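Down below is the structure, laid out as structure tokens.
The values are calculated or read from the model by the stated rules, or taken from the named source; none is laboratory data. Here the structure is a predicted model, which means the values were calculated and not measured. Here the Cβ is made from the backbone with ideal geometry for all residues, glycine too, and neighbour counts use every protein chain on show.
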Amino acid sequence: MIQKGRAWKFNDNISTDLIAPGRYAHLRSNLPELAKHTLEDARADFAPNVKKGDFVVGSRNFGLGSSREHAAIIIKMCGTSAVIAKSFARIFFRNCINIGLPVIEVDTDKIDDGDILELDLQKGVLLNTTKGTSFTFPPLPTIMTAILSEGGMVEYLKNHGDLVLKA
């Protein structure tokens, strides 16, 4: 399946505190309300204007900081198709996979805010249709694509059991 949407571009070092501001920690039990504040300290226009299918595009070290999985969850709740960046904090990367949100590592220097992107996870290709450029990326490990295809780790385990993650 090809996912198509607008790029929302962010700089280096977008922390989980920028994604899910700590001052809204009291909303962790009300995720739809917390999602209204997604990335508001990095870009106040993101949460009110992001459309289903759009992409969060970062640079280096996206998702650094605390291990709060709410950061990945609320990005997904905003309708984002995937997070694309040059590099990710490892725990944020795994949290995204675990909740069923694709994360792709490519050089994002040639992607600008507002560019229209098409992502083909199966082929490992990201196309910038605005600029007519494409990027390839190594496929995710089989187990990660299986978890993503099930919608996240919880659904994967419900469907396949918890003894062995099948590759």
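Quick look at the numbers
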read-out	value
Identity of the residue in region 42-56, assigned to a loop (DSSP other than H, G, I, E, B) and touching a residue at least 24 places away in the same chain (Cβ under 8 Å), that ends up nearest to residue 79 (Cα to Cα)	52
Test: residue in region 95-107 that is out of contact with any helix residue (DSSP H, G or I) (no Cβ under 7 Å at 6 or more places or on another chain) and loosely packed, with under 14 Cβ neighbours inside 10 Å	yes
Count of region 69-84 residues which are part of a loop (DSSP other than H, G, I, E, B) and touching a strand residue (DSSP E or B) at 6+ places or on another chain (Cβ under 7 Å)	2
Qualifying residue in region 22-41 (condition: assigned to a strand (DSSP E or B), closer than 27 Å to residue 149 by Cα and of a type in the set (Val, Ile, Thr))	no
Breaking point among (1) at pLDDT 95 or above; (2) surrounded by fewer than 22 Cβ atoms within 10 Å (Cβ to Cβ); (3) of a type outside the set (Lys, Arg); (4) closer than 28 Å to residue 156 by Cβ, for residue 112	(4)
Failed condition for residue 121, given (1) at pLDDT below 95; (2) at positive phi	(2)
Which listed residue is surrounded by fewer than 18 Cβ atoms within 10 Å (Cβ to Cβ), touching a strand residue (DSSP E or B) at 6+ places or on another chain (Cβ under 7 Å), of a type outside the set (Phe, Trp, Tyr) and touching a residue at least 12 places away in the same chain (Cβ under 8 Å), from 15, 66, 59, 87	87
